[in-house]
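> First, the structure itself, so that you have it in front of you.
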Amino acid sequence: MAMFESLSEKLQATFKRLRGKGKLTEADVNEAMREVRMALLEADVNFKVVKELIAKIKERAVGQEVLESLTPAQQVIKIVHEEIISLMGGSESKIQLSSKPPTVVMLIGLQGAGKTTQGAKLANMLKKQGKHPLLVACDIYRPAAIKQLEVLGAQIKVPVFSLGQVSPVKIAEESLEFARKNGHDLVILDTAGRLHVNEELMTELSDIREAVNPDEILLVVDAMTGQDAVNVAEAFHNQLGLNGVILSKMDGDTRGGAALSVKAVTGCPIKFAGVGERMDALEVFHPDRVASRILGMGDVLTLIEKAQQTIDEKKARELEEKIRKQEFTLDDYLDQMRQIKKMGSLSSLLEMIPGIGNQLKGVEIDEKDLGRIEAIICSMTPEERTKPVIIKDSRKKRIAKGSGTTVVEVGRFLKQFEQTKKMMKQLSGMPGMPGMGGAGKKSASKKGKKGKKGKKGGQRKNPLAKFPFPF
Amino acid sequence: MAGIFGKLKDKLSKTRQGLVDRIEQVFTGASKIDDDLYEELEEILIQADVGVSTSLELVEMLRETVKERKISDPKDLQEVMKEQITGKLGEKSELRLSDSKPTVYLIVGVNGVGKTTTIGKLAKHLQEGGKKVLLAAGDTFRAAAIEQLEVWGERAGAEVIKQTEGADPAAVVYDAVQAAKSRAVDFLLIDTAGRLHNKVNLMNELAKIKRVVEREIADAPHEVLLVLDATTGQNAIQQVKLFQEVANVSGIVLTKLDGTAKGGVVIGIQGETRVPVKLIGIGEGIDDLKAFEPQEFAEALFV
């Protein structure tokens, strides 16, 4: 996976000989910029956008003092990161509401970008915020597109307006009438997917715009889009004047360079990101996180946010206390494991950790192994869970039998638990949630490497070997 | 087949920024072969989604050939580049047919690439050729996916085996295979739900679907076709790799080549994975699915 080697690793190598040097010279920076350029292009950032970015980054990097605290590589990464964020602008995930309801939102884009799905998700999100949305089926071309919107509408309990296969302009116009009569303060128009070079269909969009004068025209862009993203965004923007962008399919493993390209050519903010097929899988767009992702640095903030949503603050404090006093028991361990499970699949969580995501590509995390550990703990008596030291051979045999594992597995797990406990003790000095800070991250990443090697070497798969404590 | 590339060229030439024109411009506009020319060429390839490493490789190869053959006229570079790209694209690869009925094709891919549309077009093409086609509605997840396939089935005159939304796709496929056998159809085309290649559970589900087919018909599926959106960037390579691991992809269908995305991704994919491109989608019409011809494709890029 040399292709996805992280930029920081590459830069680290480039700058190796620079240690102790006073300032970054133009020659030093040029070499680094080659790597930066590669990384951005591999992330599908448009070629021209990369060119402009590089020029800016270079200007800032040349002449920088080599600091004691940061390595030159880190310094350059920091500049690159900052420039990407500044290009992407702040997060602005709001729908411009009309002073005269209903507010009209029009979704447009290429075929298969995810307009219908994002439209329903958006309706769902705004409904939760107290709006009364109406979904409007303006895609009269694709087979069953209207039906799709109706099914989704039923799922989220949002009515769908459709007139069948009549002119989309007429549908849009009449939907507004319908909305006013029925007290809908928000109308979301789902239009048909079309190529930006199809003049006839592009004109149709202009006609709809003329007819209903939307408050928001949002372009839905597939996050996996390549260099062509600029052409697409430019064409739609020129034709209609966009207000914003929804980036779909961000739950894939694409670096998402299209985000940068689209923003650069249209100047429009990316307002939301689609992160799954479920109706609640629409998120606020965070430029800083996508900047990290484009650079292959992982998405720590999302991970932390997810953890915060799931992990009960009070419980976390209790836990910290226990760890400090070394009273951390197997029951607590089980509890933690279950909380982690609530956060989503382990592999998707691991992918968000910087440095680990790419190493884990292709390494399968067997979630069943976690189930096995759960079974082991559940097969212990309450006494055994608080005082695992009392577990000797005959108890191990019983536990193995009860959990459908082997004595060796039980033994190995107990040993790892002890090590984890020790490690947690060392970490407990950190502020906030135990293990959630930098140190936990580091160890997880180290273990990730080990896990991969282990697999190559044909060792037994053991999730704990990679991941001593599930966070 | 002659008409295909006429049409393709037609579509390509619609966009003035097409790879064709731009490369031509570089070749004919330059007065001598120098670093600037190579760099410009590299830029064009990258912008056509060929990928950084493949682009660098192609340009490097070009440099060497120029030295070897002592080429000095920029116009001659075109011929060499064409050769190289054709070389990378590999031999033309046709869809595999089974000796005994039915021939089974499993259609897979991420969301929104055009799987169902491809199946509709393929079914129509086969039915028109006098073959009896059965469709399996294996996308039981997405809202109204079954209805979408049914519409295509009607257009093509092919029957659809389906269950309800939310049903186990492997069960639908099992039914479809049985029906295909008992009705002695020539082709069974299996539609599957769009799935992102990094979702382990969904990929496991796909593996299960494939196992059901394998168990019921000895050497089936005869093709596992990965549908790729030509607009996709470098992530396409990941898609091919991961779908290949799970479902042993035997061919690629490259769709949406009628936009401004320039199919450079094909070259990149061939360089990295060796899964041949078998079909291309160049329009929304039911007849806009064509065989992929590497030679002509490369030609069409430079004519």
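The values are calculated or read from the model by the stated rules, or taken from the named source; none is laboratory data. Since this is a predicted model, take the numbers as computed values, not measurements. Glycine also receives a Cβ, built like all others from the backbone with ideal geometry; neighbour counts cover every protein chain displayed. Each accessible area value is taken on the protein alone, full model and side chains, heavy atoms only, with ligands, DNA and RNA left out. Shrake-Rupley method; radii C 1.70, N 1.55, O 1.52, S 1.80 Å.
> If B:Ala220 meets every condition in (1) open to solvent by less than 10 Å² (accessible area, probe 1.4 Å); (2) without any contact (Cβ under 8 Å) to a residue 60 or more places away in the chain apart from one, which number is that one?
(2)
> Here is a follow-up. Tell me, which residue of the stretch B:277-295 that is within 14 Å of another protein chain (Cβ to nearest Cβ) and assigned to a loop (DSSP other than H, G, I, E, B) is nearest to B:Glu83 (Cα to Cα)?
This residue is B:Ile282.
> From B:Val50, B:Val59, grab the single residue that is part of a helix (DSSP H, G or I) and out of contact with any strand residue (DSSP E or B) (no Cβ under 8 Å at 6 or more places or on another chain).
After ruling out the rest, the residue left standing is B:Val59.
> Another question, if that's okay. Return yes or no: is A:Lys157 at positive phi and in the same structural domain as A:Gly114 (by TED's automatic domain parsing)?
Spelling it out, A:Lys157 is indeed at positive phi and in the same structural domain as A:Gly114 (by TED's automatic domain parsing).
> Would you call A:Met224 of a type outside the set (Val, Ile, Thr) and within 12 Å of chain B (Cβ to nearest Cβ)?
yes
> I need a count of the residues in the stretch A:95-108 that are under 28 Å from the mean Cα position of the chain (by Cα) and either more than 24 Å from A:Asp185 (Cα to Cα) or open to solvent by 30 Å² or more (accessible area, probe 1.4 Å) (or both). Walk me through how you get there before you give the answer.
Of all residues in the stretch A:95-108, those under 28 Å from the mean Cα position of the chain (by Cα) come to A:95-97, A:105-108.
From what is left, the residues that are either more than 24 Å from A:Asp185 (Cα to Cα) or open to solvent by 30 Å² or more (accessible area, probe 1.4 Å) (or both) are A:96-97.
Within the stretch A:95-108, residues that are under 28 Å from the mean Cα position of the chain (by Cα) and either more than 24 Å from A:Asp185 (Cα to Cα) or open to solvent by 30 Å² or more (accessible area, probe 1.4 Å) (or both) number 2.
> Of the numbered conditions (1) within 24 Å of A:Ala264 (Cα to Cα); (2) within 14 Å of another protein chain (Cβ to nearest Cβ), A:Ala123 fails exactly one; give the number of that condition.
It fails just one condition, (1).
> Please work out which residue is farthest from B:Gln234 (Cα to Cα), limiting yourself to the stretch B:59-78 and to residues that are modelled with pLDDT under 90 and open to solvent by less than 40 Å² (accessible area, probe 1.4 Å).
Only one residue tops the list, namely B:Ile71.
> Is the stretch A:51-68 home to any residue that is at pLDDT below 65, out of contact with any helix residue (DSSP H, G or I) (no Cβ under 8 Å at 6 or more places or on another chain) and open to solvent by 50 Å² or more (accessible area, probe 1.4 Å)?
yes
> Continuing with the same structure: With the requirement that a residue be of a type outside the set (A, V, I, L, M, F, W, C) and touching a strand residue (DSSP E or B) at 6+ places or on another chain (Cβ under 9 Å), what does the stretch A:258-270 give you?
A:Ser261, A:Lys263, A:Thr266, A:Pro269
> Any idea which of B:Lys88, B:Lys70, B:Lys82, B:Lys75 is of a type in the set (D, E, K, R), free of Cβ contacts under 8 Å to residues at least 24 places away in the same chain and out of contact with any Asp or Glu (no Cβ under 6 Å at 6 or more places or on another chain)?
B:Lys70
> Residues A:Gly164, A:Gly183, A:Gly193, A:Gly130: which one is at the interface with chain B (Cβ under 9 Å from one of its Cβ atoms) and small (Gly, Ala, Ser)? Before you say what the answer is, go through the steps one by one.
On the way: A:Gly164 fails: at the interface with chain B (Cβ under 9 Å from one of its Cβ atoms); A:Gly183 fails: at the interface with chain B (Cβ under 9 Å from one of its Cβ atoms); A:Gly130 fails: at the interface with chain B (Cβ under 9 Å from one of its Cβ atoms).
The match here is A:Gly193.
> Scan the stretch B:253-276 for residues that are more than 13 Å from chain A (Cβ to nearest Cβ), of a type in the set (A, V, I, L, M) and assigned to a loop (DSSP other than H, G, I, E, B) and jot them down.
B:Val275
> Ok, one more. Only one of B:Ala207, B:Ala236, B:Ala218 is small (Gly, Ala, Ser), part of a loop (DSSP other than H, G, I, E, B) and out of contact with any Asp or Glu (no Cβ under 7 Å at 6 or more places or on another chain); which?
Just one listed residue meets the conditions, B:Ala218.
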